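Trainee: Here it is, the structure in full.
The values are calculated or read from the model by the stated rules, or taken from the named source; none is laboratory data. On a predicted model such as this, the values are computed, not experimentally measured, just so you know. Cβ coordinates were reconstructed from backbone atoms using ideal geometry, including for glycine residues, and neighbour counts include every protein chain displayed. Heads up: the accessible areas ignore ligands, DNA and RNA and are worked out on the full protein's heavy atoms, side chains in. Shrake-Rupley method; radii C 1.70, N 1.55, O 1.52, S 1.80 Å.
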Amino acid sequence: MADVTAGTNPGPKTVSTADVVRASLARRNRKQTLLQVLGLGAISFAFLMLFILIASLVSSGYHAFTQTHITLDVFIDPEEVPLERLPRGGFDDVLEASLASVLEDTDPNDRATMRALGGLLSNGAQFRLRDRVVEDPDLVGQTIAMTVPVSDPYDQLNKGLIDRETPEQHRRLKDFEIAWFDQLMAKEAISKPLNTGLIANADSRFPELAGLKGALIGSFWALFVCFVISFPLGIGAAIYLEEFAPKNKFSDLVEVNINNLAAVPSVVFGLLALAVFIGWFGLPRSAPFVGGMTLALMTMPTIIIATRAALKAVPPSIREAALGVGASKHQVVFGHVLPLAMPGILTGTIIGLAQALGETAPLLLIGMNAFITSAPSGPFDSATALPTQIFIWADSPERGFVSRTSAAILVLLGFLITMNAISIYLRNKFERSW
Amino acid sequence: MMDGMRKIERDTAASDIKIQARSVQVFYGDTHAIKDVSVDILDKTVTAFIGPSGCGKSTFLRCLNRMNDTIDIARVQGDIHIDGDDIYDPSIDPVQLRAKVGMVFQKPNPFPKSIYDNIAYGPRIHGLARTKAELDEIVERSLRRGAIWDEVKDRLHEPGTGLSGGQQQRLCIARAVATEPEVLLMDEPCSALDPIATAQVEDLIDELRRNYSVVIVTHSMQQAARVSQKTAFFHLGNLVEYRETGQIFTNPEDARTESYITGRIG
């Protein structure tokens, strides 16, 4: 073992390397432990935050996945619903009358009571009844069983979100209304099935009827348009810049600007779209088509950057091999480099689209936060998107929208997680070694 | 060491000039990589380029099929004629040239495709086969010339990247000959291979000499002595000496050549 002289010591004392190392060993190990603890702490903190987020969403959102319904035997009174006046008629009166016949202590001639009874049912109930009768006018004069949503306060009551101990004047439901509901419960007329309306209905002013159908279809069209525009354009631009463009000041400038574009706040793209697409080109407001074009502006830089990185990662030996057997430049790029870069390109694209799916600000600026009660039938119809629908619901005063907002966020997160999972799957499946 | 000299005894006088280079200069940006190189490379002959690292032998090799075109900062001056045609003439497309001048690289670089598709790629893009049967025939003939047919004939549709290093390099040689080139350039083809695979590739190179003009860059003087008939010694971008292999190793004219082959520079 070699002896070393400690440089800072003036004396003739000599120490072995092993002794010097041993002296510093404890300090080095301490630093390493500290680093590990800090790292672990950071990850734990991140997980804790994620857990709190998901837990709070689930705890308030799970109520929205069920909806309280009431099953009634409805006598369609020909006096209220005369055949010759269809589709008009007193369907609400028919429903109120059938409720009154079920409940005790109700006087069919007292208008205030009857109005309160009507408040038990969802506002949509009379329209469902009307639709059924219009479809089959023979029902007039018969008694049919109907299951319809109850209105939001009763839904809240059934889910335990209204405290019965609260003094009556601070409660949304009066004592007699709660008593009605308890009667109906006792008669097993109340059920709480899975809330298919959350997916199957479009937006509504009434929480018990509001659903995400319009937002889902709007988001689908917007993403579809975004993909169709940004994927080919982004890949084309990346291939040109990476493989064909001469390396000079101009291409440097282009590169810097693409990186800058990827960092531009999305609300700026929204303003641009408002001015250009809607202002100049006169495209319709609130349309998923315009939303998709706006999102494409944002997604394109992401796709270009991901594609260029993927192209760069293809080893030069593959290019040389192809050039060596006499492939032309485009044959090298399209026959060899692009297929090898595809997993990386797809991953980047899906992550870009997932980002676009959650983007809210530019869609607000082009009017995709309008209140629209029917699902769009094409990309040019007015629609909302998932994030803007969340924005609208979060802004609504009705109690029922609180849980619906959380539920919509969970749906959005579900789509995002699915898209990211697909991108990981594609990357693993098509990744090749060379 | 001179045990490997067996192949140089063969007759080389009858060959014609295949490649004629005159006053070739190559610049990488400001670096003058090749300085005024003039050389005649013969047909049906193995010509070895030797020299220390950075002497420009690979750079010069890559001039012969214009692979330097793919490097933005490289500039080539001077004349290179193959069969009397100026390969840097604007009317010559590098694609056309590279179909005629095949290349094998230092590191085996099969495409991440099947063995069959590796070989068939060149003939396909150049349209050399009209039918599937013709293509099959080209693939088999090329793999036989690459001395690898027997090892892969039962797994033509497995990926070429799954072969061993030596097999991959022979596959790359087979791929290079599949387009029926007239010149075969080899840039240190054995540097990534073990001695057994090296011996197989060297035997193959000697075999290829019957049909092609082979130019091989090598770091190994023993390899140059074993496989080549003519040897060119490069030093600092200059072509120092270019003679028959036997003469260059036994009786070098230039003091720098002697220093290199005796191990004093390099």
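Trainee: Ordered by residue, what ³J(HN,Hα) values in Hz, to whole numbers, does the range A:101-118 give under the Karplus form 6.51 cos²θ - 1.76 cosθ + 1.60, where θ = phi - 60° and Gly and Pro are x?
Mentor: 6, 7, 8, 7, 6, 10, 9, x, 9, 8, 5, 5, 4, 5, 5, 5, 5, x
Trainee: While we're here: Test of understanding: express the Cα radius of gyration of the range A:320-434 as a ratio to 2.2 N^0.38 Å, with N the residue count.
Mentor: 1.58
Trainee: Between 0 and 90 degrees, rounded to the nearest ten: what's the tilt of helix B:132-145 against the longest Cα principal axis of chain B?
Mentor: That works out to roughly 40 degrees.
Trainee: Something else: Using θ = phi - 60° and the Karplus form 6.51 cos²θ - 1.76 cosθ + 1.60, what ³J(HN,Hα) does each residue of the range A:165-182 get, whole Hz, x for Gly and Pro?
Mentor: Working through the residues one at a time gives 7, 4, x, 4, 6, 9, 9, 6, 10, 6, 4, 5, 5, 4, 4, 4, 4, 5 Hz.
Trainee: While we're here: Output the pairs from A:K247/B:K18; B:K35/B:K100; B:K57/B:K153; A:K31/A:K429; A:K329/B:K113 with a Cα-Cα distance over 31 Å in this structure; if there are none, say none.
Mentor: Where the Cα-Cα span goes over 31 Å, the pairs concerned are A:K247/B:K18; B:K57/B:K153; A:K31/A:K429.
Trainee: Determine the gain in length on full extension of the stretch A:R427-A:V254; use 0.36 nm per residue of separation and subtract their C-alpha separation, reporting nm with one decimal.
Mentor: 59.4 nm
Trainee: Could you do me a favour and compute the accessible area per residue for chain B, 1.4 Å probe, result in Å²?
Mentor: 42
Trainee: Here is a further query. For A:F75 paired with A:L40, estimate the spin-label separation in nm (one decimal), with each label point 7 Å from Cα along the Cα-to-Cβ line.
Mentor: 7.4
Trainee: Residues of the range B:123-166 with accessible area at least 20 Å² lower in the all-protein-chain context than alone (1.4 Å probe)?
Mentor: B:I125, B:T161
Trainee: Using a basic spin-label model with each label point 7 Å from the Cα along Cα→Cβ, how many nm lie between B:T131 and A:A26?
Mentor: Output for this residue pair reads 8.6 nm.
Trainee: First obtain the Kirkwood hydrodynamic radius of the range A:250-334 from its Cα pairs, then insert it into the Stokes-Einstein equation at 25 °C and 0.890 mPa s, and state the resulting D in µm² per second as a whole number.
Mentor: Answer from the Stokes-Einstein relation: 157 µm²/s.
Trainee: Determine, for each peptide in B:112-120, A:157-165, A:244-252, the mean count of other beta carbons within 10 angstrom over its residues, then list the peptides with the highest first.
Mentor: B:112-120, A:157-165, A:244-252
Trainee: Add -39500 (n - 2.57) for each DSSP H run of 4 or more in chain A, then divide by its residues: what number comes out at 222 nm, to the nearest 500 deg cm²/dmol?
Mentor: Helices in chain A give a 222 nm mean residue ellipticity of -19000 deg cm²/dmol.
Trainee: Quick one: go through the range A:86-102 and flag any residue whose amide nitrogen is under 11 Å from the point 7 Å out along the Cα-to-Cβ line of A:S374.
Mentor: Output list for this probe position: empty.
Trainee: On a straight-distance basis, which aspartates and glutamates could pair with A:K249 in a cross-link, Cα separation under 20 angstrom, same-chain partners fewer than 8 positions away excluded?
Mentor: Partners found: B:D30, B:D72.
Trainee: Now for a separate question. If you line up the long axis of helix A:125-135 against the longest principal axis of chain A, both from Cα atoms, how many degrees apart are they, to the nearest 10?
Mentor: 80
Trainee: Right, here's the next one. Treating the angle as unsigned and between 0 and 90°, give the value, to the nearest 10°, between the Cα long axis of helix A:400-430 and the longest Cα principal axis of chain A.
Mentor: It is inclined by approximately 40 degrees.
Trainee: Towards the positive end of the charge dipole of chain B, with charges on Cβ (+1 Lys, Arg; -1 Asp, Glu), say which of B:T59, B:G160, B:L171 has the farthest Cα.
Mentor: With unit charges placed on the Cβ atoms, the residue in question is B:G160.
Trainee: For the range A:258-313 and the range B:21-94, compute the distance between their C-alpha centroids and round to whole Å.
Mentor: 47
Trainee: Taking the Cβ-Cβ separation of A:M419 and B:S38 as r and a Förster radius of 60 Å, what is the calculated FRET efficiency to the nearest 0.05?
Mentor: 0.45
Trainee: Right, next: Sorted by packing (mean other beta-carbon atoms within 10 Å per residue), highest first, where do A:225-234, A:289-298 land?
Mentor: Result, highest mean Cβ count within 10 Å first: A:289-298, A:225-234.
Trainee: Quick one: which residues, 5 or more positions from B:H235 or on another chain, have an amide H under 5 Å from its amide H? H modelled 1.01 Å from N in the peptide plane, none for Pro or chain starts.
Mentor: Sorted by chain and number, the residues that satisfy this are B:V240.
Trainee: Taking 0.36 nm per residue of separation and subtracting the Cα-Cα distance, what length does fully extending A:T147 through A:E104 add?
Mentor: Using 0.36 nm per residue and subtracting the Cα-Cα distance, I get 13.4 nm.
Trainee: For the pair B:D194 and A:A263, what calculated FRET efficiency results from E = 1/(1 + (r/R0)^6), where r is the Cβ-Cβ distance and R0 = 60 Å, to the nearest 0.05?
Mentor: 0.75
Trainee: Take the solvent-accessible surface of the protein heavy atoms, probe 1.4 Å, and return the percent of it on the range B:3-261 that carbon and sulfur atoms account for.
Mentor: 45
Trainee: Show me, for the range A:296-308, the HN-Hα J-couplings you get by feeding each phi into the Karplus relation (A = 6.51, B = -1.76, C = 1.60, θ = phi - 60°), rounded to Hz, glycine and proline as x.
Mentor: Each residue of the range A:296-308 in turn: 4, 4, 7, 6, 4, x, 4, 5, 4, 5, 5, 5, 5 Hz.
Trainee: Also, I was wondering about something else. For the pair A and B, how large is the buried accessible area, both sides, in square angstrom to the nearest 100, if the probe is 1.4 Å?
Mentor: Looking at A and B, the buried total is near 1600 Å².
Trainee: Once Rh for the range A:213-430 is found with the Kirkwood sum over Cα pairs, what is the Stokes-Einstein diffusion coefficient at 4 °C and 1.567 mPa s, in µm²/s?
Mentor: D, rounded to a whole number, is 69 µm²/s.
Trainee: For labels at B:F27 and A:V134 in the simple 7 Å Cα→Cβ model, what's the distance in nm?
Mentor: 8.3
Trainee: Helix-only estimate, please: 222 nm mean residue ellipticity of chain B, summing -39500 (n - 2.57) across DSSP H runs of length 4 or more and dividing by its residues, to the nearest 500.
Mentor: -9500 deg cm²/dmol
Trainee: Would you mind computing Rg(Cα) / (2.2 N^0.38 Å) for chain B, counting N as its residues?
Mentor: That works out to 0.99 for chain B.
Trainee: Which residue fluctuates most in the GNM of chain A (Cα springs below 10 Å): A:T166, A:T347, A:T14?
Mentor: So, out of A:T166, A:T347, A:T14, the one fluctuating most is A:T14.
Trainee: Projecting each Cα onto the charge dipole of the protein assembly as shown (Lys/Arg +1, Asp/Glu -1 at the beta carbon, about the Cα centre), which of A:L72, A:V314, A:F401 comes out farthest on the positive side?
Mentor: With unit charges placed on the Cβ atoms, the residue in question is A:V314.
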